[in-house]
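Taking it in order: structure first as structure tokens, then the write-up.
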Amino acid sequence: MPTLDPLETGDHVCWLVDPEDDFTGTARAFAADGALFGDKVLVIGAPETRWLLGGVAQGTVVDPAVERAAGAGWDAAMMLGVVRREADTACREGFRALRVLARMDRVWPAGASPQEIARHELGLDDLVSSGTAVVVCAYHRDSFHTESIQQASGVHPQQLGMRTLMPDFRMFSAGTDCWKVSGVVDSEGAATFRTALGELVARSATVRLQCEDLDLMDAAGMRALAEVAREDPSRRIVVESANETFRRCWSLLGYDAPQIPVELAP
């Protein structure tokens, strides 16, 4: 997507911010659109003058640095709680939705691992899919390792800023314990896919993967899927709408075995 203008409720965007991007201008315009569409605005970042339009703060501003200095121990889990609480408040107050812009380099000032990002963003995507919020997570490229940026990109349904990075696959919420997988899961993206799937399996007894938009999963991707399933046989992964090529390769690789709790559903 080229801009943040066309966003609707239920959208969850990964904004990859390059040093030369006009972050301030784009962020201010996104916040200002809240008044236009009847959204309550939540900015997670630094409450500096650049967040002001006409001298008026655009909605609620939360500064993780201030919260940490006050001993609040502010982290990504607390961000999720704030978004959930503010979304409920916005609904009660009659707003269309909660409009969130989060500077992730302020949420994780020392950067974050792919595992931390997968855990946080998949949880946030689950919340956003309820249709009560529109959320933009701004990842400044110079604040995160390449692997972390790739993970962030892969677990958002939408992305702004693709000059140097286009994710091979995307995984995002399609309902309770149900996740849509699209694109290509090959040797380059298998580690990212494994991390995301591992986080889902860790919190749900059954995880459904909708794969009708999956173009390809090669041997590396299937191995990642099988390894996650093997790690906890008490969990169950259901792969839905996989094409015939996937099914044939899965069988040829010997993964259709009782010790691998993966079910290929119609």
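The values are calculated or read from the model by the stated rules, or taken from the named source; none is laboratory data. Since the model is a prediction, treat every value here as computed from it, not as a measurement. Cβ coordinates were reconstructed from backbone atoms using ideal geometry, including for glycine residues, and neighbour counts include every protein chain displayed.
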> For residues in segment 212-236 being within 21 Å of the chain's Cα centre (by Cα) and among the small types (Gly, Ala, Ser), which is surrounded by the fewest Cβ atoms within 10 Å (Cβ to Cβ)?
Replying inline: Ala224
> Are there any strands (runs of 3 or more DSSP E) wholly within segment 64-164 with 1 or more residues that are more than 29 Å from Val184 (Cβ to Cβ) and of a type in the set (D, E, K, R), and if so which?
Replying inline: 98-103
>> Return the pair list, or none, for Cβ contacts closer than 6 Å from residues in segment 28-41 that are charged (D, E, K, R) to residues that are in a helix (DSSP H, G or I), at least 6 apart or on different chains.
In response: Lys40/Ala90
>> Of everything in segment 3-30, what is surrounded by fewer than 16 Cβ atoms within 10 Å (Cβ to Cβ), acidic (Asp, Glu) and more than 20 Å from Val155 (Cα to Cα)? Give them in sequence order.
In response: Asp5, Glu20, Asp22
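One line per residue, one yes/no per condition, for (1) under 29 Å from Gly154 (Cβ atoms); (2) touching a helix residue (DSSP H, G or I) at 6+ places or on another chain (Cβ under 9 Å):
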site	(1), (2)
Arg68	yes, no
Gly71	no, no
Arg85	yes, no
Thr89	no, no
Arg92	no, no
Phe95	no, yes
Asp105	yes, yes
Pro114	yes, yes
> Within the set of pairs 6 or more residues apart or between chains, which connect a residue that is among the charged types (D, E, K, R) inside segment 139-166 to a residue that is modelled with pLDDT under 95 and not in a helix (DSSP H, G or I) with Cβ atoms less than 8 Å apart?
Replying inline: Arg141/Leu16; Arg141/Val17; Arg141/Asp18; Arg141/Pro19; Asp142/Pro19; Arg163/Asp18
> Is there any pair with a first residue in segment 214-235 that is not assigned by TED's automatic domain parsing to the domain that holds Ala202 and of a type outside the set (A, V, I, L, M) and a second that is modelled with pLDDT under 95 and assigned to a strand (DSSP E or B) whose Cβ atoms are under 8 Å apart and which are 6 or more apart or on different chains, and what are they?
Replying inline: none
>> Is it the case, given these coordinates, that Glu263 is more than 16 Å from Arg119 (Cα to Cα), under 22 Å from the mean Cα position of the chain (by Cα) and not in a helix (DSSP H, G or I)?
In response: no
